[in-house]
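What follows is a single structure, written as structure tokens, with notes after it.
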Ligand SMILES: Cc1cc2nc3c(=O)[nH]c(=O)nc-3n(C[C@H](O)[C@H](O)[C@H](O)COP(=O)(O)OP(=O)(O)OC[C@H]3O[C@@H](n4cnc5c(N)ncnc54)[C@H](O)[C@@H]3O)c2cc1C
């Protein structure tokens, strides 16, 4: 008998795969029972039923690792809780390294695991073979073992989660297809199905690879595409025991696990094949694609080199299943910026079984409380931008990400596909002068400039890459003379209206209610006092503010601001990114250069640090901001895009006498590290308040003005801080800091680096991170410690600092 479909539910979840069921389970556990999960066929009919079931945990982000750790903890107790078998076993995960660079990568991963509190041991090839006797290790340099990783049966886990959800009061209805989504006044109102409409307050889309098309029904962009993924299941093999750990052999592009006495072996082909480019065919349930042995053959050959027994083993089955993959290899969670109360949990890149427990927990909290339990930026749907609207672009980039699944993740590595897409008006000029570009949100941005005779291309390395000297030259030009940076990709907004000041005073932690012509560096905080946005606010007029934030934060920051402007105020957010190019002119000679091209008074008295004015530069109306992220005298010049080439040419011509240089984003990184300027997304974010980030000076707590997050900060001030942001300097210039290195204080692990790099003026590696101690951390505590950093498994001494090591008194900036 067909189950009744209610006419309304507080929350509707679309999709009964492992992720939808996990969201339902967690909402139920939170006491949300007016929840309806709709599955168009039977539970697990999409990608879930044919997954291999490996459950690994380590990711490059601490919070995503924590999320996967939550999955493991949940799967461990789920069978006892629900009485349904889950196939979960904690047999550990082994990872091999077969060349010196991979060995560095694995050692760095082991250090990252240590930083995040995850047990991971480095093993010799022989020790690895003792855990996995069937493999040859002639080519293995070393291995790492994560004892808490494991494997599960995906369908069984899904059924157990569904049973737990039902027991908590959630309704699950199968054989109902969602065909439409109604949106009114920018909010979700209802879903239509082949069995009638269901009104709802909140919608959670967990539709796997169907999600892109379902999102489109409501104007929500979900950048994922289905890609074919294959593995084989063998007959029983002598010597395969149930306790065999999962095995990842990235240099042979393969993964392994035990299954009923045989082996599962799958791989990531370097030439992946997309699926269903014209839409997913009707009736694709519990379905597989045809076996493609030709495509799998290179993977098979690599696998045979590792496990010779495979040669004699019978192949029971080959699975060729489609799965949704995304352009950056991470899944997609959160509330869609386009439509309120439209939540998304999809795009799991073949680690949806490992992620579902934690992702379901996090998404359920997000749905119920309107905010995630902790910072989930690496998977946040707001990390995407205009470049992700085009499916062709998304597919090209996604296939590249798939092909790179097991290739070495080089420091500073850039994508190659779908480029160039968004170009500044200076692109061709810079390219002709040796610019080597990186890409962010589709924008081409100069990373560094090769000299004539130097190869204008990145050559990656875990030691010093080929751009090391060039970046040092650009860094020196900025510190000693003057450098010009094209930062046109900055995200830029106007906030306009009678109540613009009121709105921004509520949104910003710093005091922005200043007269026109003044600039403010500020954070915007969430309810818990965590940093949601980190930006510059320039007051142009009583009813007009200009906001500048990082390229990658365009969607996120716009969403945060628009969502938090108090109702009823006459204050409106307008994105103007494309209207303005940005040329940043910095260095001790910046004033001399700008003066040649402008008749405006640029003297310190007329144009001091922290102010902005419209001036004329080489015939162009330019909004000049006297602010800096590199720590030198200079201006960010924001100008109508069509003037950019003219102004650039004039500045370069005027600068010749002063030794002006083009400079790129890698120099900016080195310059900002020496100045201690924080980067949102790594050093600071929603989990860090300005107080722990050492940014208390930029908060108007001394004033009575209410602002979002103020109460939380006042509360934090009453107690000792559990952590504090600090810098670390290493004497040995050959140590390579990349971020995630473990920090030891007096021999005890107390945190990890949130960013790291090389300071060329200081001639030393620099890193930043939080020193943690539940008993409380203050500046004296930080400075009293004796520190070491673990870098790729080795410890090196480090000196802490709280004041920036370069120009702490800002004399250069204010010159
Ligand atoms: C070959 C292969 C091997 C894999 N191996 C692993 C592994 O070892 N470890 C790991 O962690 N992950 C692995 N994965 C990935 C894993 O299978 C997926 O990430 C995971 O199953 C995704 O779950 P989901 O709930 O997001 O999507 P799905 O399981 O696809 O669920 C989406 C559901 O939405 C339903 N639906 C769609 N449209 C509608 C509609 N209009 N109305 C109602 N319902 C709708 C579908 O029927 C489907 O049941 C593998 C994937 C493949 C293909």
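Here are the numbers for this structure:
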{"read-out": "Output for the stretch 179-189, where each listed residue is more than 14 Å from the ligand (Cβ to nearest atom) and either part of a strand (DSSP E or B) or under 24 Å from the mean Cα position of the chain (by Cα) (or both)", "value": "182, 183, 184, 187, 188, 189"}
{"read-out": "Any chance residue 84 is in contact (Cβ under 8 Å) with a residue 60 or more places away in the chain and more than 16 Å from the ligand (Cβ to nearest atom)", "value": "yes"}
{"read-out": "The stretch 205-232, subset part of a strand (DSSP E or B) and near the ligand (Cβ under 10 Å from one of its atoms), residue surrounded by the fewest Cβ atoms within 10 Å (Cβ to Cβ)", "value": "228"}
{"read-out": "Some residue of the stretch 128-137 being without any contact (Cβ under 8 Å) to a residue 12 or more places away in the chain, part of a helix (DSSP H, G or I) and out of contact with any helix residue (DSSP H, G or I) (no Cβ under 7 Å at 6 or more places or on another chain)", "value": "yes"}
{"read-out": "Test for residue 354: is it outside any loop (DSSP other than H, G, I, E, B) and crowded, with 22+ Cβ neighbours inside 10 Å", "value": "yes"}
{"read-out": "Qualifying residue in the stretch 794-804 (condition: over 30 Å from residue 635 (Cα atoms) and without any contact (Cβ under 8 Å) to a residue 40 or more places away in the chain)", "value": "yes"}
{"read-out": "Residue match in the stretch 530-553 (condition: outside any strand (DSSP E or B), touching a strand residue (DSSP E or B) at 6+ places or on another chain (Cβ under 8 Å) and crowded, with 23+ Cβ neighbours inside 10 Å)", "value": "yes"}
{"read-out": "Out of 270, 274, sole residue that is closer than 30 Å to residue 207 by Cβ, in contact with a helix residue (DSSP H, G or I) (Cβ under 8 Å, 6 or more places away or on another chain) and buried (at least 16 other Cβ atoms within 10 Å of the Cβ)", "value": "274"}
{"read-out": "Residue match in the stretch 318-337 (condition: out of contact with any helix residue (DSSP H, G or I) (no Cβ under 8 Å at 6 or more places or on another chain) and away from the ligand (no atom under 14 Å from the Cβ))", "value": "no"}
{"read-out": "Matching residues in the stretch 6-48 - criterion: being within 12 Å of the ligand (Cβ to nearest atom) and surrounded by fewer than 20 Cβ atoms within 10 Å (Cβ to Cβ)", "value": "41, 42"}
{"read-out": "Test result for residue 161, within 11 Å of the ligand (Cβ to nearest atom), under 30 Å from residue 113 (Cα atoms), in contact (Cβ under 8 Å) with a residue 24 or more places away in the chain and part of a helix (DSSP H, G or I)", "value": "yes"}
{"read-out": "Failed condition for residue 397, given (1) buried (at least 21 other Cβ atoms within 10 Å of the Cβ); (2) assigned to a loop (DSSP other than H, G, I, E, B)", "value": "(2)"}
{"read-out": "Single residue of 201, 127 found to be more than 16 Å from the ligand (Cβ to nearest atom) and over 30 Å from residue 60 (Cα atoms)", "value": "201"}
{"read-out": "Residue that is touching a helix residue (DSSP H, G or I) at 6+ places or on another chain (Cβ under 9 Å), surrounded by fewer than 22 Cβ atoms within 10 Å (Cβ to Cβ), more than 30 Å from residue 468 (Cα to Cα) and touching a residue at least 12 places away in the same chain (Cβ under 8 Å), where the choices are 595, 618", "value": "618"}
{"read-out": "Top-ranked residue in the stretch 242-251 [being buried (at least 20 other Cβ atoms within 10 Å of the Cβ), away from the ligand (no atom under 13 Å from the Cβ) and over 26 Å from the mean Cα position of the chain (by Cα); ranked as farthest from residue 404 (Cα to Cα)]", "value": "244"}
{"read-out": "Count of residues meeting criterion [more than 9 Å from the ligand (Cβ to nearest atom) and either over 17 Å from the mean Cα position of the chain (by Cα) or within 12 Å of residue 25 (Cα to Cα) (or both)] in the stretch 339-359", "value": "7"}
{"read-out": "Residue in the stretch 521-529 that is surrounded by fewer than 24 Cβ atoms within 10 Å (Cβ to Cβ), under 28 Å from residue 760 (Cβ atoms) and either at pLDDT below 95 or touching a helix residue (DSSP H, G or I) at 6+ places or on another chain (Cβ under 9 Å) (or both) present", "value": "yes"}
{"read-out": "Count - residues of the stretch 477-510 that are assigned to a helix (DSSP H, G or I), more than 26 Å from residue 697 (Cβ to Cβ) and touching a helix residue (DSSP H, G or I) at 6+ places or on another chain (Cβ under 9 Å)", "value": "1"}
{"read-out": "Close pairs from the stretch 338-352: first touching a residue at least 24 places away in the same chain (Cβ under 8 Å) and at positive phi, partner near the ligand (Cβ under 6 Å from one of its atoms) and not in a loop (DSSP other than H, G, I, E, B), Cβ under 6 Å, at least 6 apart", "value": "350/229; 350/323"}
{"read-out": "Filter result for residue 301 (away from the ligand (no atom under 11 Å from the Cβ), buried (at least 23 other Cβ atoms within 10 Å of the Cβ) and either closer than 30 Å to residue 133 by Cα or more than 34 Å from the chain's Cα centre (by Cα) (or both))", "value": "no"}
{"read-out": "Leading residue by the ranking (nearest to residue 193 (Cα to Cα)) among those in the stretch 124-147 that are surrounded by 18 or more Cβ atoms within 10 Å (Cβ to Cβ) and under 31 Å from the mean Cα position of the chain (by Cα)", "value": "146"}
{"read-out": "Top-ranked residue in the stretch 440-484 [being in contact with a strand residue (DSSP E or B) (Cβ under 9 Å, 6 or more places away or on another chain), touching a residue at least 24 places away in the same chain (Cβ under 8 Å) and over 17 Å from residue 668 (Cβ atoms); ranked as surrounded by the fewest Cβ atoms within 10 Å (Cβ to Cβ)]", "value": "464"}
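The values are calculated or read from the model by the stated rules, or taken from the named source; none is laboratory data. Predicted, not measured: the structure shown is a model, and the values here were computed from it. Please note: Cβ atoms are built from the backbone with ideal geometry, for glycine as well, and neighbour counts cover all protein chains shown.
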